[in-house]
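Have a look at the structure below before the remarks.
The values are calculated or read from the model by the stated rules, or taken from the named source; none is laboratory data. Please read these numbers as outputs of a predicted model, since none were measured by experiment. Note that we place each Cβ from the backbone using ideal geometry, even for glycine, and neighbour counts take in every protein chain shown. Heavy atoms of the whole protein, side chains included, go into the accessibility calculation; ligands, DNA and RNA do not. Shrake-Rupley method; radii C 1.70, N 1.55, O 1.52, S 1.80 Å.
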Amino acid sequence: MEAMLPHRPLLLLFLLPTTCCLAHAPAAPTFDSRWIPNGHILRDGGYSCQPYCAVLPDGTWSCVMTFIHAPVWVEGQPGEHMVSMRSNDQGETWDKFVTIEPYSNTTTGQVSAYGSVAARQDGSRIFALWIQNVNNVSHLPGQQPSNTFRADMLGNFVWKYSEDQGLTWSDQHYTIPVPFNYIESVNSFSTSKNGTGDVQIMWQVDHLKTMNDGTLVFAFTKIGTYAVAPVEEIFLLASKNMLSEPDPTKIEWDMWPHGYHGIGAVNAFDDPTIVTEEPHVVPIFDDDILYVVWRTSQGYMGHSQSKPGKQYQDKWETSSFATYLPTWADNYTNSSFVKHPRGPLSPKRQPNGLILMTYYNTAPLGAFATHMKVNDRNNMWLTVGHETITTDGVHTVQWSQPELALYERDHTRGHGYPDVITDLDGKIYITETYKSTPKSQARTHAVDMNMIDLLYKQTTLNTIVASNVVASLNVPKSVLPDGYRLPDFTQYPYDKYGISIDMWLTPSTIPKQHLAIVPLVSALDDDKTTGLQVGYVTTNGTVVLTMRDAKDQVVQFGTDPICSQRLRDVASEPHHIGIVVDGGPKMINFVVDGKLCDGGPDLKGFPNGHFLMESTVGDIGVGVETVVTNHEVVQQGHVYNRSLYVSEMIGNWRAGLD
């Protein structure tokens with residue numbers, strides 16, 4: 001086996017000192033629909049949040065959004081208000097914004113924000129719903145009034161309707177009554193805090209859902225500590241006649257669950273340190289149960305469900321963390337939870353009965369990865385929810401392994417508050433916004449339907465990807481095809497540009513050598529300095545990818561501790577290893593035995609399982625002509641000239657050894 005590229009034991013990216021640098025910036029991934037700047041501009045400048053849409057029978061998208069005119073871009077400032085807009089070409093172009101509710105540019109009195117939209121089935125009436133500071137609250141108890149007091153998460157939920165697809169709106173808004181209970185007795189305006197006791201702090205980022213019987217329902221957060229902090233509880237508001245009753249004054253609402261408390265924090269109900277907010281509801285099992293999922297401050301996504309038998313109004317199941325569909329990781333403590341920071345998520349039921357959800361697939365990053373500033377809302381992933389009955393009989397939703405949906409190479413920027421839009425032809429789009437400095441940008445993105453189809457089929461895929469293979473690992477030495485070179489990561493000449501390697505290996509067959517890392521697959525130049533190598537760390541079971549470019553920059557990254565432990569614990573069995581180096585986001589992922597390595601339960605050390613390369617990493621293909629495989633360990637595998645989808649790697653695994 002060929003000698004290993006120089007390495008260090010620490011399995012993170014490191015850059016060796018160089019005396020030269022790139023003469024130009026890396027090529028933009030203009031072929032990649034996942035790259036956020038490739039999306040169609042909905043709005044550029046000011047502040048924007050939650051571009052949510054209803055698809056009408058004639059194909060029109062009737063949408064609403066929270067907005068502040070430029071140059072103001074700070075959330076919660078004077079001028080914040082609800083607008084509507086329409087598109088007739090799947091978000092490529094938009095009508096002018098229509099102001100739904102009057103507002104002031106000098107005070108936060110009457111600010112309207114964080115709305116959603118729904119439509120009757122025939123499109124004859126559109127409904128927009130939001131939170132509004134209807135009582136002009138301008139200060140906390142004991143403080144002086146202020147025109148810039150943040151007031152976009154307090155007041156009443158109100159709604160208006162439109163009968164011309166959102167071009168004009170009813171003159172009057174209508175209030176949704178929200179019963180007072182425990183949270184109002186302790187919130188920052190309660191009598192216990194020297195307040196008047198009549199101010200509710202709450203908001204919603206849910207999409208309005210329609211149940212089989214026509215009931216309109218959404219989930220929202222009641223806030224205990226101004227402006228948005230625990231204690232917090234989740235409730236639902238439902239109207240059985242909003243979509244059918246012509247008289248807006250006769251619309252009726254009910255809040256679920258009934259009683260003094262709602263849905264609380266995971267593992268510590270009403271803990272003043274745990275975030276429990278921004279819930280989304282999805283009816284499941286033919287509306288027999290309502291399922292709610294939300295963001296937390298615990299590094300994982302929270303979820304709960306009502307009890308079977310349409311008992312929405314009764315006490316719900318105890319909150320817990322959302323989980324992936326069963327994998328080998330279920331055998332390890334806290335290793336199957338869905339990781340998510342304090343950021344937005346967005347589940348939407350699809351016509352095929354499955355649930356598509358955007359989320360961020362990382363725990364909060366904090367000070368991790370100090371070599372670069374990384375926003376934990378930077379990469380948006382898609383997962384598919386399946387209705388399941390767990391081994392202890394709970395009817396719930398579990399989630400597929402995810403695929404990267406959107407990314408930005410500027411890691412300091414964080415995007416969010418998306419809508420997953422299913423057009424009349426079944427194609428999927430995502431609307432989202434950058435809502436912060438230097439300016440807000442809202443965009444629409446067409447999602448690759450091949451990726452969506454693979455996600456839908458992920459649980460049954462069992463075929464090996466046969467296209468784009470440039471080397472076989474079934475032979476000791478494979479010559480790369482004429483005209484092909486390993487990637488230059490400063491370029492992006494075609495979609496899915498990158499490299500993927502999959503292999504089967506049995507760790508117990510690895511010889512006990514003096515080498516810290518036993519080479520498995522090598523693609524090196526004649527001097528053994530440029531190229532890539534995959535190795536196995538005999539001391540801890542980690543599979544390591546090492547790449548060195550022509551300017552002596554080295555990237556080294558490996559499987560996370562849980563994936564590595566899997567290889568150690570079941571060393572006598574063959575394991576499938578998938579490595580994906582994606583040249584768009586410059587991301588490295590590992591997939592082990594059908595599971596995407598996500599970092600496992602060590603949230604601080606491994607908040608996620610992927611790695612973002614520095615933008616300066618360049619050409620690893622100079623002088624590399626062959627791929628050499630260590631057949632003492634590797635049974636079979638492939639090298640691909642593109643980044644495979646996670647679902648494709650899972651299909652390769654499920655297909656098994658020849």
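The chymotrypsin sites (Phe, Trp or Tyr not before Pro) of the range 471-547 that meet both conditions, a loop assignment by DSSP and at most 14 other Cβ atoms within 10 Å of the site Cβ, are Y484, Y494. Based on C-alpha pairs under 8 angstrom that are at least 6 apart in sequence, the chain has a relative contact order of 14 percent. For the chain, a crude dipole built from +1 on the beta carbon of Lys and Arg and -1 on the beta carbon of Asp and Glu, taken about the Cα centre, is about 940 debye to the nearest 20.
Between the range 393-472 and the range 497-530, what is the separation of their alpha carbon centroids in Å? What the calculation gives is 31 Å, centre to centre. You can think of it this way: the chain between T93 and Q172 has 25.5 nm of extra reach, that is 0.36 nm per residue less the Cα-Cα gap. Per-residue Karplus couplings for the range 202-214, computed as 6.51 cos²θ - 1.76 cosθ + 1.60 with θ equal to phi - 60°, are listed in order as 6, 6, 9, 10, 6, 9, 5, 10, 10, 8, 4, 8, x Hz, Gly and Pro entered as x.
Taking 0.36 nm per residue of separation and subtracting the current Cα-Cα distance, fully stretching the chain between N194 and H261 would add 21.9 nm.
Using the Karplus relation 6.51 cos²θ - 1.76 cosθ + 1.60 with θ = phi - 60°, the per-residue 3J(HN,Hα) values for the range 337-352 come to 6, 7, 6, 6, x, 7, x, x, 9, 7, x, 9, 5, 10, x, 7 Hz, with x marking Gly and Pro. For the chain, the share of accessible area belonging to carbon and sulfur comes to 51 percent (1.4 Å probe, ligands and nucleic acids excluded). Accessible surface for the chain, divided over its residues, is 36 Å² per residue with a 1.4 Å probe.
How far, in nm, would the chain grow between D410 and N331 when pulled straight, counting 0.36 nm per residue and subtracting the alpha carbon separation?
24.8 nm
For the range 466-553, the residue among A471, V534, P493 whose Cα projects farthest onto the positive side of the dipole built from Cβ charges is V534. Enter the angle in degrees (range 0 to 90, nearest 10) between the Cα long axis of helix 646-655 and the first principal axis of the Cα atoms of the chain, meaning the one along which they spread out most. Tilt relative to the chain: about 50 degrees.
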